[in-house]
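Structure first, then comments.
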Amino acid sequence: MKVLVTGSSGHLGEALVRSLRAREHEVEGLDILESPFTTHVGSITERSVVRRCMMGVQAVFHAATLHKPHVATHTRQDFIDTNITGTLNLLEEAVAAGVESFVYTSTTSVFGDALVPPVGAPAAWVTEDVTPIPKNIYGVTKAAAEDLCALFHRNRGLACIVLRTSRFFPEEDDNKAVREAWPDDNIKANEYLYRRVDLEDVVSAHLLAAERAPAIGFGRYIVSATTPFSPQDLAELRVDAPRVALRLVPEYEAEYARRGWKMLPGTDRVYVNERARNELGWKPRYDFRFVIDRLKAGEDMSSPLARLVGSKGYHAEVFAEGPYPVERTTPR
């Protein structure tokens with residue numbers, strides 16, 4: 001099968017290209033940066049480039065995007081051009097080329113302010129039924145691109161699957177206070193309880209989405225590690241996550257103590273992947289229990305694919321505040 005991967009020089013893009021090539025698919029990779037995983041250097045904002053890449057393609061994996069860390073370094077128009085217009089170009093050319101499956105990589109960031117319950121309320125149980133309330137231009141443009149995918153399914157019959165992925169980047173946290181308060185691996189291990197997913201599992205979800213898209217037609221799915229929590233835990237989770245984690249995954253305590261790690265004190269959200277598991281047949285391997293088992297065995301908690309791809313970063317330049325720039329307060 002001939003497939004197109006956009007953002008093929010990026011973190012997810014490289015992982016998809018590697019995995020698709022290993023399955024002996026013919027892969028066209030499109031990115032603005034050269035790499036061993038990119039066959040066409042160009043931008044999704046250029047219609048002629050997109051049309052050329054789409055010839056003979058049966059499935060599209062659309063991973064190219066401007067990310068949250070770009071909010072401080074790019075204009076709102078940049079986000080609209082890449083995340084909305086670029087997606088529109090791909091959708092229109094996919095229809096023209098007779099593409100069978102279109103998989104769009106979205107983000108749980110589309111939920112935005114819906115992820116923060118009022119003070120005193122339980123943590124949010126975040127399923128696909130939660131209405132997004134984007135809080136920045138990144139979230140707005142990703143949500144708009146999702147709606148374009150839905151539109152092209154309704155009006156043009158294009159089989160589209162939207163995957164709202166939680167955190168899978170290997171880079172440090174973009175919050176300086178969090179970086180200073182916690183070891184990086186400690187942060188990531190905690191996040192597997194409620195808001196992180198391994199790259200290997202993200203790739204498997206994409207491959208299943210492309211396979212299932214023609215039968216499903218259109219669907220939105222949260223792609224995050226399987227949480228051990230349930231709705232009954234939400235009130236306690238908001239104020240005392242260590243107690244809940246100890247009750248459900250007691251083996252974590254000794255391993256954290258051995259490493260001098262801390263459990264997060266509380267959380268305001270839990271991402272739920274049940275629909276993706278039921279409708280796509282997705283079986284993510286990397287959850288909090290699996291991570292603890294690997295740590296106890298002295299192994300890296302990331303998958304071999306995640307380690308192979310490594311860190312890409314988001315910017316070529318270095319910033320005074322560390323790996324991420326301070327968000328601008330002036331409108332652009």
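Taken together, the values in this text are just the output of simple stated rules run on the coordinates, not laboratory data. Predicted model, so just to flag it, every value in this text is computed and none were measured. Note that we place each Cβ from the backbone using ideal geometry, even for glycine, and neighbour counts take in every protein chain shown.
Per-structure values
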{"read-out": "Stretch gain in nm, segment Lys135-Ser35, where the contour uses 0.36 nm per residue and the Cα spacing is subtracted", "value": "32.7 nm"}
{"read-out": "Estimated dipole of segment 105-177 in Debye, rounded to 20 [Cβ of Lys and Arg +1, of Asp and Glu -1, Cα centre]", "value": "240"}
{"read-out": "For segment 1-151, size of Cβ-based charge dipole, Lys and Arg +1, Asp and Glu -1, in debye", "value": "180"}
{"read-out": "Neighbour-count order for His153, His25, His40, fewest beta carbons within 10 angstrom listed first", "value": "His40, His25, His153"}
{"read-out": "Val126, Val103, Val49 arranged by Cβ crowding within 10 Å, fewest neighbours leading", "value": "Val49, Val126, Val103"}
{"read-out": "For segment 243-249, Karplus couplings with θ = phi - 60° (6.51, -1.76, 1.60), whole Hz, Gly/Pro x", "value": "5, 5, 4, 5, 5, 8, 9"}
{"read-out": "Dipole magnitude of the chain, debye to nearest 20 (Cβ charges: Lys/Arg +1, Asp/Glu -1, about Cα centre)", "value": "320"}
{"read-out": "Theoretical FRET efficiency, 1/(1+(r/R0)^6), r = Cβ-Cβ of Leu308 and Lys2, R0 22 Å, to 0.05", "value": "0.35"}
{"read-out": "Phi to ³J(HN,Hα) by Karplus 6.51 cos²θ - 1.76 cosθ + 1.60 over segment 102-111, Hz, x for Gly, Pro", "value": "10, 10, 9, 7, 9, 8, 5, 5, 4, 5"}
{"read-out": "Segment 93-143-segment 264-297 distance, computed between alpha-carbon centres (Å)", "value": "19"}
{"read-out": "Given Lys142/Lys283; Lys135/Lys312; Lys142/Lys176; Lys142/Lys188; Lys188/Lys296; Lys262/Lys283, the pairs whose alpha carbons are separated by over 18 Å", "value": "Lys142/Lys283; Lys135/Lys312; Lys142/Lys176; Lys142/Lys188; Lys262/Lys283"}
{"read-out": "Nearest-0.05 FRET efficiency for Ser43 and Ala177, computed from C-beta distance (R0 25 Å)", "value": "0.10"}
{"read-out": "Full-extension gain in nm, Lys283 to Glu128, via 0.36 nm per residue minus C-alpha separation", "value": "54.0 nm"}
{"read-out": "Stretch gain in nm, segment Asp240-Phe319, where the contour uses 0.36 nm per residue and the Cα spacing is subtracted", "value": "24.9 nm"}
{"read-out": "Förster radius 41 Å - calculated FRET efficiency between Asp184 and Arg156 (Cβ-Cβ, nearest 0.05)", "value": "0.40"}
{"read-out": "Whole-Hz ³J(HN,Hα) from phi, Karplus 6.51 cos²θ - 1.76 cosθ + 1.60, for segment 6-12, glycine and proline x", "value": "8, x, 5, 8, x, 5, 5"}
